[in-house]
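Written below as structure tokens is the structure these notes are about.
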Amino acid sequence: MTDTTVAAYAAATPKAPLEKTVITRRELRAHDILIEIKYSGICHSDIHQVNGDWGDGIFPMVPGHEIAGLVSAVGPGVTRYAVGDRVGVGCFVDSCRTCENCVAGQEQYCTGGGMTATYNATDRDGEPTLGGYSTHLVVDENYAVTIPEALALDVAAPLLCAGITLYSPLRHWGAGPGKRVAVVGLGGLGHLGVKIAHALGAEVTVLGRTPAKRPDALRLGADAYHATGDPATFEQLAGRFDLIVNTVSATLDLEAYLGLLRTDGTFVQVGIPDQPMVVSPFALVNGRKALAGSMIGGIRETQEMLDFCAEHGIGSEIEVIAARQINEAYARVLASDVRYRFVIDAATI
Ligand code: NAP
Ligand code: ZN
Ligand code: ZN
């Protein structure tokens, strides 16, 4: 096979609407697989990057890092996958493979030049990467994962970013029986955090802005729901949680949330707003509290997460859309009008 031209949706310039276009996927190398994409999730990070919230991007930009599909061709050296296999690709498609973090399976924290993001990055040959809002993707077999048979591809797609972004910190900070965990923000990341934390055996509380999502939160496995728009919430829950995972895409009053941690509790930031958040040292020193961050997860942990989700029947709550609805979906995500992830049917691209 030589370089192939495939259909995709791209933003031509920052903040531009996404439009249908054609892009080139590279000829298969020894360890490459060609994936026929079936579904691609819409992550809030896609919107941040199209809009330039995190600085200059590389345009035209084809977003998409929640990719689920089938292997349709393999390079001559491929050993991990065969044609027809169900596979997923998340937020990165390469890394240095030799640094301490890559060797430890934490490629997302690669110190040898950083992970190569699935889109809006330059790969190790100097070519721009183009993401999953497309019909096909070529990726090194070591940067794909197996989607277990028990998970339908549409509900599995969002697990590749949203799922692993919550699974990794929940595991790292020991969410489980006897632990009180709060998930802040019930969106794409948050709703999977609730399902996973519940399956891990933790007591789960959702902190959302208004009471509107309470029934959903309880249905998804939360033990409690509180509206952060009500100041009484912060008095009522003071000192309650061992772990708070903040998925909110905007800045928050961090100190108010640190007040909800018990002694030695940890607040983990996973949302990536475009503005800094300030914190007084007093909010941390009093109660030996920790303020931490976490970014997606490595390949091994992503596979572990998929296997865990298959075992516990955890998929994303999704609304499947046609590719021509992407711009409308972006507007609805920004308005928090999504229950709880838009997933593009790649057959419509
Ligand atoms: P999402 O589906 O839009 O969910 C975000 C949720 O945050 C909303 O549902 C809403 O929940 C809450 N929220 C939104 N605006 C708010 C505001 N102004 N004040 C308070 N709460 C607000 O987004 P997502 O895809 O889950 O992504 C969330 C964030 O995580 C984004 O910044 C994204 O870039 C980032 N992210 C980080 C990683 C990582 O590795 N660290 C990975 C993926 C995404 P309620 O209605 O319940 O309040
Ligand atoms: Zn994402
Ligand atoms: Zn590395």
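For the structure I just gave you, tell me whether THR111 is over 21 Å from ARG80 (Cα atoms) and more than 16 Å from ligand 3 (Cβ to nearest atom). Here the answer is no, as THR111 does not meet what is asked.
Out of region 194-212, which residues are in a helix (DSSP H, G or I) and over 15 Å from SER316 (Cα atoms)?
Selection gives PRO211, ALA212.
Only one entry in PRO169, PRO177 is within 16 Å of ligand 2 (Cβ to nearest atom) and either of a type in the set (Lys, Arg) or over 16 Å from ARG262 (Cβ atoms) (or both), namely PRO169. Considering ILE272, ILE296, ILE244, the condition of being of a type outside the set (Phe, Trp, Tyr) and within 16 Å of ligand 3 (Cβ to nearest atom) is satisfied by ILE296 alone.
Quick test for you: out of LEU160, LEU166, pick the one residue that is modelled with pLDDT of 95 or more, in contact with a Leu (Cβ under 6 Å, 6 or more places away or on another chain) and closer than 20 Å to LEU200 by Cα.
LEU166
Candidates are the residues of region 123-151 that are within 16 Å of ligand 3 (Cβ to nearest atom) and touching a strand residue (DSSP E or B) at 6+ places or on another chain (Cβ under 8 Å); the one that is nearest to GLY88 (Cα to Cα) is TYR143. What is the one condition in (1) within 16 Å of ligand 1 (Cβ to nearest atom); (2) within 21 Å of the chain's Cα centre (by Cα); (3) among the β-branched types (Val, Ile, Thr) that THR228 does not satisfy? Every listed condition holds for THR228 apart from (2). The set of residues in region 250-270 that are small (Gly, Ala, Ser) and either out of contact with any Leu (no Cβ under 9 Å at 6 or more places or on another chain) or closer than 18 Å to VAL204 by Cβ (or both) comprises ALA250, ALA256, GLY265. Just one of (1) surrounded by 18 or more Cβ atoms within 10 Å (Cβ to Cβ); (2) without any contact (Cβ under 8 Å) to a residue 12 or more places away in the chain fails for VAL103. It is (1).
The values are calculated or read from the model by the stated rules, or taken from the named source; none is laboratory data. As the structure is a prediction and not an experimental result, all values here were calculated from the model. Positions of Cβ are backbone-derived with ideal geometry, glycine not excepted, and every protein chain shown enters the neighbour counts.
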